[in-house]
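Enquirer: Sharing a structure, written as structure tokens. Questions coming.
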Amino acid sequence: MTVDSRGNWDVHQTNGATVHMNLDQDQAGNVSGDAFVNGVHGGCQGFVRGDDFLVTIEWDNGPKGRYTGHLGLDLRLSGQTVDINNPQSTATWFSDPLPAMV
């Protein structure tokens, strides 16, 4: 399967935050778009390779989060996030179910 990250979906983090994603994905797997959490906007850039996902969100209020994940059989991405500017700040996360491209 291949991740299809296009559209609106949520990331649920173990630190209690829910990140609302609005992403586009081209044929090569490049990902871009917007994210929102608690009224704060972030710009997203990253890629999908098969069932692996990596996106960096540059939040307008300063932090920069890197989200790495893997598509499971339940069609949810799950993985880890780290604040690149503050590497001690980490959380695990899972997504809403996503469409998968065969």
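The values are calculated or read from the model by the stated rules, or taken from the named source; none is laboratory data. Owing to the predicted nature of the structure, the values given are computational and were not obtained by experimental measurement. With ideal geometry, Cβ positions are generated from the backbone for all residues, glycine too; neighbour counts draw on all protein chains shown. Note: areas computed on protein heavy atoms with side chains; ligands, DNA, RNA excluded. Shrake-Rupley method; radii C 1.70, N 1.55, O 1.52, S 1.80 Å.
Enquirer: Evaluate the distance, in nm, between pseudo-label points positioned 7 Å from the Cα of T2 and of S78 along their respective Cα→Cβ axes.
Expert: Simple spin-label model gives 2.5 nm for this pair.
Enquirer: Okay, moving on. Is the shape of the chain best called rounded, prolate or oblate, per the rule: a/c under 1.5 gives rounded, else a/b larger than b/c gives prolate, else oblate, with a ≥ b ≥ c the square roots of the Cα gyration tensor eigenvalues?
Expert: Since a/c reaches 1.5 and a/b is larger than b/c, the shape of the chain is classed as prolate.
Enquirer: Can you put T81, T90 in order of accessible area, largest first, using a 1.4 Å probe?
Expert: T90, T81
Enquirer: Then there's this: At V40 and N22, where each label point lies 7 Å from the Cα along Cα→Cβ, what is the point-to-point distance in nanometres?
Expert: The two pseudo-label positions are separated by 1.9 nm.
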